[in-house]
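These notes are about the structure you will find just below.
The values are calculated or read from the model by the stated rules, or taken from the named source; none is laboratory data. This structure is a prediction, so every number in the text was calculated from the model and none was measured. Cβ sites come from the backbone with ideal geometry, for glycine too, and all protein chains shown count toward neighbours.
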Amino acid sequence: MQTKLSTQYNPKEIEDKWYQFWEENGFFHSVPDPSKEPYTIVIPPPNVTGVLHMGHALNNIIQDILIRWRRMQGYNTLWMPGTDHAGIATQNVVERELATKRIKREQLGRERFIEEVWKWKNQYGSTIIKQLKKLGSSCDWARERFTMDEGLSTAVKETFVTLYERGLIYKGKYIINWCPRCRTALADDEVEHEEHEGHLWHIKYPFRDAPHLFLVVATTRPETMLGDIAVAVNPKDDRYKDMVGEILTLPIVGRELPIIADEFVDPSFGTGAVKVTPAHDPNDFEMGKRHNLTPIVVIQENGVMNELAGDYEGMDRFECRDALIEELKLKKFIEMVTPYKHSVGHCYRCHTVIEPYISDQWFVRMRPLADAAIKASKKKSVTFFPERWEKIYLSWLENVRDWCISRQIWWGHRIPAWYCQDCDAITVARDVPTKCSKCNSITLKQDEDVLDTWFSSALWPFSTMGWPRETPELRYYYPTSTLVTDRGIIYFWVARMVMMGLEIMRHVPFTNVYIHGTILDELGRKMSKSLGNGIDPLVMINQYGADAVRFSIIVLTTEGQDIKLSESRFEMGRNFTNKLWNAARFIIMNLEEEHPEEIRLEPADYQFEDRWILSRLNTTIKACTLYLEQFKFNDAAMKVYDFTWHSFCDWYIEIIKTRLYEPISYRDKKVAQTILTKVFGQILHLLHPFIPFITEELWQSLKGVASKSKIDIMEGMRHEYLIRDAWPQEDKRYEDQVCEENMAILQDVIRAIRNIRSKMNIREKQKLDAVISVSGDGECGLENHSDLLKRMANIEHLEIGKDLTKPANSASEVVGKIQAFVPLADIIDPVAEKERQLKHLKQLEDYLLVVRRKLENKNFSARAPAHVVTMEQNRERELLEQISKIKLILNDLG
RNA sequence: GGGCGAUUAGCUCAAUUGGCUAGAGCACUUGCCUUACAAGCAAGGGGUCAUAGGUUCGAGUCCUAUAUCGCCCACCA
């Protein structure tokens, strides 16, 4: 490992090197080991067609932090990676690619098309995997799975057949969401509803027996009227109830439509009369069933009107709408048109307007599965973080409708159902059946449809472990520990995994679900291709380094809140990694010795600052660990950041410089070097889950130099590489509250003197004299630290004592019970000094007012807890003391 | 129409569950190229915690409205 470090950190030199090293040494790999406790995460499998975006980055950074942290804690960690075959998305991508060669998938036929998809997958499908590696994701790549793998396909078939046998899967003709472009059915939640500024067309339907009279119906989709078979009114609607049973004539078409009564109709909406089109509207479909009406289909699967549309046959549905309106207008059937805002369903893949469509589809009976999933979360077998997502999950499960799982596309898991060509019976089987289960005919034809992609994703936590085989993995890793995902797929994926886990494995698939926020652009908009407002994580990694990207993102991630992101945010992480790099440089430069001797630290060796930094470190370890346990990643990261930068670098390193440069003894220098190295080593450990590359690099350098200098930093360590080393443990022996408090006072005094220097325009290099006066009962042992004080405030002569008087012509600062005086002779600017004191006085008096108001309130002393009252009383006394001191100073200034 | 989240410094966000003068990062001001780091150091300035009520000894925090923004859900044609 290199020991010469350049002045600026260059991530490019080390990131790929370390990733490769870790992976090649099997550090990401896990095998079942019953002597250790497992910690398992299954990755939300990105689409094979996917390219890493910021959402993926956030998602995987969090998972990697959890995995790396638990790995260091000694868990047998498995991060199971893989990709999703993403049926419709992938088919679309490959179709588009073929289109550039002027090939349509129909020309190729099913088998050859699927070959093309596999070819595409093998060529491009690993893009996102490579990108995840760039981020530092420590997945067990030896176990990588793909939802179309042989093993996973077996799991899909097994599940389908099992559910079918249990009566949880059925086939039937229902109205479903149809995408006329993808030409497939979609599940309810694959439809995205968008507000749309449309029109409400009021159309006059004449009475058959009195053609000059009309009933007016309102619709947003006039083209569907061609499939009308009735008009419905509410049975309680006085305007219409007498007309029920009468017959209307459908304009243009001339079909006779009975007026029917149905509770569904809302009398207050529109005209209170509804056209009934069971073939093209889900509500009408239900209504049609209730009244035994036979639907009339007028729109074909490609969105084009069929032969029953009469003159409109062959027209696209929207063309037809316009043309039909023209004709209705011409023939005076339009009573009025009102602008109307309503939501329109779109395909979540291609954004085409969804058409409700009647077809033969496979469904999963959701009620029993959902009930089990509800129970599981209510008894906390699954816990959500933040917990508010549980409500969202529950409300979906409580209202869930049966899940349409068949898709009329080619890329996906073919439904394991065969139709007998002789008797029409359905044979559902694990293996290709040789004969019909009913009539034994051998002329069987497999169902053409494939399963919804989410069907296979729902099995991910156990299909990836080898199920339905009884594998050691399944026994050891299932159920997994934590699922990390975003709120967008709580229904699609999380709820369905819980349902399938419970139904198939008889156990929830994971115990915790952590839902992180969504990454937005700096204006708070979603990042999207169409807006072009995305920030490419790989570009950022290239520019700032993977660690900087990870750290910046995680610092911005407060529990479950969305994150507004802009490129400049990554500077923070970069600055921090650079700071860390330079802290390491400092340490390494100051460790090398020509003839190092090994020393054993004795308690008596520790200086004040040593005890302080060790105590602070201990506090940091405790807090960081606790925050990680609570999924508060940004708090955990910020704690270590603050300790590293503002305690370790700003103070500890600065304080011990003289011990290194002008040591009072070899031993004391060695003590400082040892503490410096050990604490920094622990910092690297704490930061490793967040910023793995730089910490591993620096740890290796540090270890090398430390061993040359005969400093043992391996005590208590488990492994020579940080990635496998032990997570820092809090050690109560280092806890030293008094030391931390005294240091805080010292820091205040030092700041006060530096402030005087700054306000009086005195150069930092110029030595000053100072008098520190501690008031009567003040006990902080300042005099024990006069060297430290002199060094850090650059003081020549320092006098510390009780109730000392203010030297003439001095600037002063009141810090709690302490007064700092800096005699300045003619340098002092009396006007500026007086101004400064007056300002401080005003601050204190304002504060005193607040405190007094509380104390003067009778109820306060009566009702507030005693310790709060005492606290306020003490504060009042302290304030009065300070104020009187400042007044004396002001008197002295004249 | 229902639900959820947000509203705190110029910007992006915190605030340990109601109790010490509301904290960070960026930006800003002043002084420093001090032999770890100018991607840095030192010292500062900056806030009626969206609004209005209420509960309480005490409210950024709890309750009730209101406003603005965002997300999700819903079969009103």
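Table: residues versus (1) surrounded by 15 or more Cβ atoms within 10 Å (Cβ to Cβ); (2) within 28 Å of A:Ile541 (Cβ to Cβ); (3) more than 24 Å from the chain's Cα centre (by Cα); (4) not small (Gly, Ala, Ser).
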position: A:Gly74; (1), (2), (3), (4): no, no, yes, no
position: A:Lys101; (1), (2), (3), (4): no, no, yes, yes
position: A:Lys119; (1), (2), (3), (4): no, no, yes, yes
position: A:Thr127; (1), (2), (3), (4): yes, yes, no, yes
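Scanning the range A:353-398 for residues that are within 10 Å of RNA strand B (Cβ to nearest atom) and in a loop (DSSP other than H, G, I, E, B) returns A:Pro386, A:Glu387. Filtered by the rule that a residue be within 17 Å of the chain's Cα centre (by Cα) and charged (D, E, K, R), the range A:472-501 gives A:Asp486, A:Arg487.
Considering each residue of the range A:515-532 in turn, at least one proves to be more than 16 Å from RNA strand B (Cβ to nearest atom) and either surrounded by fewer than 22 Cβ atoms within 10 Å (Cβ to Cβ) or over 30 Å from A:Lys17 (Cβ atoms) (or both). Output yes when any residue across the range A:190-212 is among the aliphatic types (A, V, I, L, M), without any contact (Cβ under 8 Å) to a residue 24 or more places away in the chain and over 30 Å from A:Gly125 (Cα atoms), and no when none is. Yes, the range A:190-212 contains a residue that is among the aliphatic types (A, V, I, L, M), without any contact (Cβ under 8 Å) to a residue 24 or more places away in the chain and over 30 Å from A:Gly125 (Cα atoms). Considering the range A:455-492 alone, what residues qualify as being buried (at least 20 other Cβ atoms within 10 Å of the Cβ), modelled with pLDDT of 95 or more and among the hydrophobic types (A, V, I, L, M, F, W, C)? Result: A:Phe455, A:Ala458, A:Leu459, A:Trp460, A:Phe462, A:Met465, A:Leu483, A:Val484. Is it true that A:Glu111 is part of a helix (DSSP H, G or I), buried (at least 19 other Cβ atoms within 10 Å of the Cβ) and free of Cβ contacts under 8 Å to residues at least 40 places away in the same chain? No; evaluated as a whole, the condition is false for this residue. Look at (1) in a loop (DSSP other than H, G, I, E, B); (2) out of contact with any Gly (no Cβ under 8 Å at 6 or more places or on another chain); (3) more than 25 Å from A:His413 (Cα to Cα) and you find that A:Gly50 fails only one, number (3). Among the residues of the range A:820-851, those identified as under 17 Å from A:Leu879 (Cα atoms) and among the basic types (Lys, Arg) are A:Lys839, A:Lys842. Only one of A:Ala583, A:Ala546 is more than 7 Å from RNA strand B (Cβ to nearest atom) and small (Gly, Ala, Ser). Can you tell me which? Among A:Ala583, A:Ala546, only A:Ala546 is more than 7 Å from RNA strand B (Cβ to nearest atom) and small (Gly, Ala, Ser). Within the range A:137-161, being of a type in the set (D, E, K, R) and under 30 Å from the mean Cα position of the chain (by Cα) holds for A:Asp140, A:Arg143, A:Glu144, A:Arg145, A:Asp149. The single residue among A:Met80, A:Met54 that is crowded, with 22+ Cβ neighbours inside 10 Å, within 25 Å of A:Ser137 (Cβ to Cβ) and touching a residue at least 60 places away in the same chain (Cβ under 8 Å) turns out to be A:Met80.
Residue-level check: of (1) in a loop (DSSP other than H, G, I, E, B); (2) among the β-branched types (Val, Ile, Thr); (3) more than 11 Å from RNA strand B (Cβ to nearest atom), A:Ile745 misses just (1). Checked against the criterion of being under 15 Å from A:Ile883 (Cα atoms) and of a type in the set (Phe, Trp, Tyr), the range A:818-826 has no qualifying residue. Of the candidates A:Thr147, A:Thr154, the single residue that is polar (S, T, N, Q) and touching a helix residue (DSSP H, G or I) at 6+ places or on another chain (Cβ under 8 Å) is A:Thr147.
Annotation for the range A:321-331: no member residue is aliphatic (A, V, I, L, M), farther than 27 Å from A:Pro211 by Cα and either within 46 Å of the chain's Cα centre (by Cα) or surrounded by fewer than 17 Cβ atoms within 10 Å (Cβ to Cβ) (or both). Does A:Ile354 satisfy being surrounded by 13 or more Cβ atoms within 10 Å (Cβ to Cβ) and either aromatic (Phe, Trp, Tyr) or under 23 Å from A:Thr249 (Cα atoms) (or both)? Judged against the criteria, A:Ile354 is not a match. Evaluate the following for A:Leu844: is it within 12 Å of RNA strand B (Cβ to nearest atom), more than 30 Å from A:Lys765 (Cα to Cα) and surrounded by 15 or more Cβ atoms within 10 Å (Cβ to Cβ)? So A:Leu844 passes the test. Just to be sure, is A:Pro34 surrounded by 15 or more Cβ atoms within 10 Å (Cβ to Cβ) and touching a Phe, Trp or Tyr at 6+ places or on another chain (Cβ under 9 Å)? So A:Pro34 fails the test. Annotation note: Cβ proximity below 8 Å between a residue of the range A:869-894 that is on the phi > 0 side of the Ramachandran plot and a residue that is loosely packed, with under 13 Cβ neighbours inside 10 Å and part of a helix (DSSP H, G or I) (sequence gap 6+ or interchain) occurs for A:Gly894/A:Pro830. Among residues of the range A:849-877 being surrounded by 14 or more Cβ atoms within 10 Å (Cβ to Cβ) and either within 8 Å of RNA strand B (Cβ to nearest atom) or under 45 Å from the mean Cα position of the chain (by Cα) (or both), the one that is nearest to A:Lys759 (Cα to Cα) is A:Arg875. Against the conditions (1) assigned to a loop (DSSP other than H, G, I, E, B); (2) touching a Ser or Thr at 6+ places or on another chain (Cβ under 9 Å), A:Cys350 satisfies every one except (2). Between A:Gly524, A:Gly501, the distinction of being at pLDDT below 90 and more than 18 Å from A:Leu52 (Cβ to Cβ) belongs to A:Gly524 only.
When A:Thr677 is tested against the conditions (1) within 26 Å of A:Asn578 (Cα to Cα); (2) surrounded by fewer than 21 Cβ atoms within 10 Å (Cβ to Cβ); (3) hydroxyl-bearing (Ser, Thr, Tyr), the lone failure is (2). Set side by side, the residues A:Leu788, A:Leu782, A:Leu798 differ, and just one is touching a Leu at 6+ places or on another chain (Cβ under 9 Å), within 18 Å of A:Trp651 (Cβ to Cβ) and away from RNA strand B (no atom under 16 Å from the Cβ), which is A:Leu782. Taking (1) touching a helix residue (DSSP H, G or I) at 6+ places or on another chain (Cβ under 9 Å); (2) more than 9 Å from RNA strand B (Cβ to nearest atom); (3) under 30 Å from A:Trp389 (Cα atoms); (4) of a type outside the set (Ser, Thr, Tyr) in turn, A:Gly560 satisfies each apart from (2).
Filtering the range A:75-87 for residues that are away from RNA strand B (no atom under 16 Å from the Cβ), part of a helix (DSSP H, G or I) and at pLDDT below 95 leaves a non-empty set.
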